[in-house]
1. Which count do you get for residues in region 117-138 that are surrounded by 17 or more Cβ atoms within 10 Å (Cβ to Cβ) and in a loop (DSSP other than H, G, I, E, B)?
2. Can you spot a residue in region 194-201 that is within 24 Å of Y126 (Cβ to Cβ) and either in contact (Cβ under 8 Å) with a residue 12 or more places away in the chain or buried (at least 18 other Cβ atoms within 10 Å of the Cβ) (or both)?
3. Six or more apart or on different chains, Cβ atoms under 7 Å: show the pairs whose first residue is in region 72-91 and in a loop (DSSP other than H, G, I, E, B) and whose second is modelled with pLDDT under 95 and aromatic (F, W, Y).
4. Tell me which of these N116 doesn't satisfy, since it passes every other one: (1) touching a residue at least 60 places away in the same chain (Cβ under 8 Å); (2) at positive phi; (3) touching a Lys or Arg at 6+ places or on another chain (Cβ under 7 Å).
5. Could you say which residue among A319, A315, A275 is over 24 Å from the mean Cα position of the chain (by Cα) and hydrophobic (A, V, I, L, M, F, W, C)?
6. Among the listed residues G214, G173, G112, identify the single one that is farther than 26 Å from Y70 by Cα and modelled with pLDDT of 95 or more.
7. Give the residue that is nearest to E189 (Cα to Cα), with candidates limited to residues of region 15-38 that are crowded, with 21+ Cβ neighbours inside 10 Å and among the hydrophobic types (A, V, I, L, M, F, W, C).
8. Could you list, in sequence order, all residues of region 127-151 that are touching a His at 6+ places or on another chain (Cβ under 8 Å) and at pLDDT 95 or above?
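The values are calculated or read from the model by the stated rules, or taken from the named source; none is laboratory data. Quick caveat: nothing in here was measured; it's all calculated off a predicted structure. Quick reminder, even Gly has a Cβ in these numbers, built from the backbone with ideal geometry, and neighbours come from all protein chains shown.
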Amino acid sequence: MPGHTAAEITSTAPPIPAGLRREQLLELYYYLHLTRSLEERLTNLYRQGKVIGGLFRSLGQEADSVGSAYALRREDFLSPLIRNLGSMLVKGAEPVAILRQYMAKAGSPTRGRELNIHFGDLEKGYVGQISHLGDMVPVMAGIALSFRMRHEARVCLVYVGDGATSTGTFHEGINFAAVQRLPMVVVVENNGWAYSTPTTQQTAVRRLVDKAKGYGVVGERADGNDVLAVYEVTRRAVEHARGGGGVTLIELLTYRRKGHAEHDAQGYQPKDEIARWADTNDPLDRFERQLEETGWVRAAERAAVRARVAAELDAAVAATENDPLPEGDSALSDVLAQPPRAEPLWYRA
């Protein structure tokens with residue numbers, strides 16, 4: 001709608017759900033496109049042999065990461081998985097850091113010691129993940145317990161895949177958090193596959209949200225490819241946790257349109273199934289149509305966001321591609337932790 005003002009658009013468009021404003025819709029649109037475009041740049045670098053190790057795409061799952069992380073406050077913590085790049089970007093991770101990390105540069109967050117997005121930033125509020133799936137649930141339960149012991153109104157959010165809900169650490173972590181009524185949200189990304197194992201072959205439960213009943217916690221289910229639905233269900237869970245209500249288990253229904261990693265030819269996934277999700281249920285396409293049909297955000301504004309993302313990533317790739325790799329002897333530095341604090345973390349005067 002060229003030439004129309006924001007006020008005119010707002011007055012004629014339907015109400016925006018979940019209490020969001022137009023500016024926030026633009027932010028969600030930005031993070032969705034930043035996530036996908038950054039992964040596309042990483043794919044190009046991977047094919048040039050410039051990415052060290054594996055590349056794990058979130059193609060088709062961007063909305064569940066972005067929408068859920070957007071429901072958190074700055075002071076809250078989350079624990080991402082390998083397909084939650086969008087969550088980290090929402091929490092403040094910079095594309096330059098992501099690129100350096102994937103290329104194992106000396107200036108990367110782990111200075112070349114780790115790969116892909118296995119790193120954390122406690123100032124920004126995301127915790128470095130453990131590869132063993134389900135293991136971050138008890139870790140985040142411990143962090144949530146520390147928040148309560150310090151009387152801080154902060155919430156933890158932890159992601160797991162459908163396969164991780166069948167692991168012992170998932171059970172132990174969510175059971176402890178449930179008993180202690182900790183301020184924690186557990187997001188189960190049900191993308192249909194645990195590596196190459198379909199969900200139907202690793203659990204007899206047809207609705208993963210029903211597992212919440214066994215722990216005595218709130219369970220909710222939402223369309224993981226609808227960024228607004230994801231935001232709304234996560235916001236309710238975060239408010240529930242912050243208000244002392246305890247744990248919520250959220251099942252987000254989505255689909256992994258790439259293999260486990262870029263090197264995985266995904267021959268076990270039916271091609272027609274992949275195509276169907278790409279053609280009819282792509283999260284970026286769906287949000288684009290929604291913004292267009294409702295008139296919440298003009299086409300020119302959306303184009304400006306896409307141009308901004310492209311320019312930022314051009315600059316980030318140019319700034320990092322030729323950065324040096326770490327020197328070998330740097331592996332010996334910073335191996336030991338700093339001396340412990342004089343007071344325990346939970347101490348209060």
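1. Step one: of region 117-138, the residues surrounded by 17 or more Cβ atoms within 10 Å (Cβ to Cβ) are 117-120, 125-129, 133-138.
Okay, now just the ones that are also in a loop (DSSP other than H, G, I, E, B), so 117-120, 125, 127-129, 133-135.
Total meeting the criteria: 11.
2. If we filter region 194-201 for residues that are within 24 Å of Y126 (Cβ to Cβ), which is where we start, we get 194-195.
Now narrow it down to the ones that are either in contact (Cβ under 8 Å) with a residue 12 or more places away in the chain or buried (at least 18 other Cβ atoms within 10 Å of the Cβ) (or both): 194-195.
Yes; the residues of region 194-201 include at least one that is within 24 Å of Y126 (Cβ to Cβ) and either in contact (Cβ under 8 Å) with a residue 12 or more places away in the chain or buried (at least 18 other Cβ atoms within 10 Å of the Cβ) (or both).
3. Close Cβ pairs satisfying both conditions: I82/F56; R83/F56.
4. (3)
5. Just a single option satisfies the conditions, and that option is A319.
6. Working: G173 fails: farther than 26 Å from Y70 by Cα; G112 fails: modelled with pLDDT of 95 or more.
Residue meeting the stated conditions: G214.
7. If we take residues in region 15-38 being crowded, with 21+ Cβ neighbours inside 10 Å and among the hydrophobic types (A, V, I, L, M, F, W, C), then L32 is nearest to E189 (Cα to Cα).
8. none
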